[in-house]
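> Let me begin by handing over the structure; questions about it come next.
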Amino acid sequence: MISPSHPAIAAAPLVMSAPAWADYGLVDSGGGRKLERYGPVRVIRPEAQCFWAPALDQGEWEKADAIFEGAGEDEQGSWRFRSRPPESWPITWRDIRFDARLTAFRHLGVFPEQAANWAWLADELPKGKPGARILNLFGYTGVASLVAAAAGAAVTHLDASKKAVGWARANARTAGLHQAPIRWICEDARAYARREVRRGELYQGIILDPPKYGRGPAGEVWRLYEDLPDLMTACAALLAPDARFLLINAYSERLTGLALAGLMAQCLAGRGGHIDWGELALTEESGRYGVGVSFFARWRA
Ligand SMILES: C[S@@+](CC[C@H](N)C(=O)[O-])C[C@H]1O[C@@H](n2cnc3c(N)ncnc32)[C@H](O)[C@@H]1O
């Protein structure tokens, strides 16, 4: 028998699908690849989930400006150009402007499927109700931090990479949010969370998007499967009595949304509330197929 104060885990998964927006679209997918547009730039990137055949003809795919080649999951690859995009260029989600750039890791400094989480976050932190303290761990280039700051939250943005924090700060300037109350921290997520617990700090909302493997600035090793229970426990301790949410996202073949939900429920035992879980997906602009790319679980008080 589950105690009434144990968070209730949703009986069925949710697919959070980010539809196309003006500056991003999944134009087509298939043959193990995605054809996407980021503002005026079209790119082709490997995507193991797309077993099916593309809908558009080869001619449409050949219009891509840049193609990331030679990489399976977690492998190195490189960009090949038909027409070289600028070093970086601005794209906008709702009224938040930030920079896209081709990186050596096949990404463009933004994970467009996260738009589903940004929209959820914006709903959880309605403008006009400022004052929430939000912690964004593994924050990368910071779009989620900017969404929270734009809604009036005081944000602590953390990433282990100096370069990523620099890019996130530059994005805050691009978004016109450089004056917003965002603390930029370059540190190991686990070390920081533990220290915040010792200091008695509390947050109304926590977001985390841990990679499978990473390193803190002092060489601290992060392994998702081994280290997540400890970090989730610290996050639970950092939630204020009036906390509204805890959101975790993971790009992993082994940890499903249900697994994340179970761990979350255990760490939040005694707090009540509700946990949704499932998959983040990108849907082709035609509406044909969705491409599942990551798993999430999120608790709401
Ligand atoms: C999957 S990305 C996050 C994507 C981001 N949340 C978004 O939606 O755009 C993972 C990030 O974790 C950071 N990272 C890796 N190991 C870390 C550690 N030990 N502590 C803190 N951040 C770490 C990386 O530098 C990287 O920016």
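> Looking only at the stretch 34-50, which residues are under 14 Å from F111 (Cβ atoms) and either at pLDDT 95 or above or of a type in the set (G, A, S) (or both)?
Selection gives K34, E36, Y38, V43, R45.
> For the list (1) over 16 Å from the mean Cα position of the chain (by Cα); (2) touching a residue at least 12 places away in the same chain (Cβ under 8 Å); (3) within 13 Å of the ligand (Cβ to nearest atom); (4) on the phi > 0 side of the Ramachandran plot, I need the number of the one condition that G219 fails.
(2)
> Which ones in the stretch 16-31 are open to solvent by less than 20 Å² (accessible area, probe 1.4 Å) and among the polar types (S, T, N, Q)?
Result: S29, single match.
> When the residues of the stretch 243-266 are narrowed to those that are open to solvent by less than 30 Å² (accessible area, probe 1.4 Å) and in a helix (DSSP H, G or I), which ends up farthest from the ligand (Cβ to nearest atom)?
A265
> Residue by residue through the stretch 223-242, note down the ones that are more than 14 Å from V197 (Cβ to Cβ) and buried (at least 21 other Cβ atoms within 10 Å of the Cβ).
L228
> For the stretch 91-107, which positions are modelled with pLDDT under 95 and either touching a Lys or Arg at 6+ places or on another chain (Cβ under 9 Å) or of a type in the set (G, A, S) (or both)?
A104, R106, H107 - these are the residues of the stretch 91-107 that are modelled with pLDDT under 95 and either touching a Lys or Arg at 6+ places or on another chain (Cβ under 9 Å) or of a type in the set (G, A, S) (or both).
> Taking the condition in a helix (DSSP H, G or I), open to solvent by less than 10 Å² (accessible area, probe 1.4 Å) and within 14 Å of the ligand (Cβ to nearest atom), does A191 pass?
For A191, the condition - in a helix (DSSP H, G or I), open to solvent by less than 10 Å² (accessible area, probe 1.4 Å) and within 14 Å of the ligand (Cβ to nearest atom) - is not met.
> Among strands (runs of 3 or more DSSP E) lying entirely in the stretch 87-163, which contain 2 or more residues that are near the ligand (Cβ under 9 Å from one of its atoms) and either touching a residue at least 24 places away in the same chain (Cβ under 8 Å) or open to solvent by less than 10 Å² (accessible area, probe 1.4 Å) (or both)?
In the stretch 87-163, the matching strands (runs of 3 or more DSSP E) lie at 133-137, 154-159.
The values are calculated or read from the model by the stated rules, or taken from the named source; none is laboratory data. Note that the structure is a prediction, hence the values are computed from the model and not measured. Positions of Cβ are backbone-derived with ideal geometry, glycine not excepted, and every protein chain shown enters the neighbour counts. What goes into the accessible areas is simple: the full protein's heavy atoms, side chains included, and nothing from ligands, DNA or RNA. Shrake-Rupley method; radii C 1.70, N 1.55, O 1.52, S 1.80 Å.
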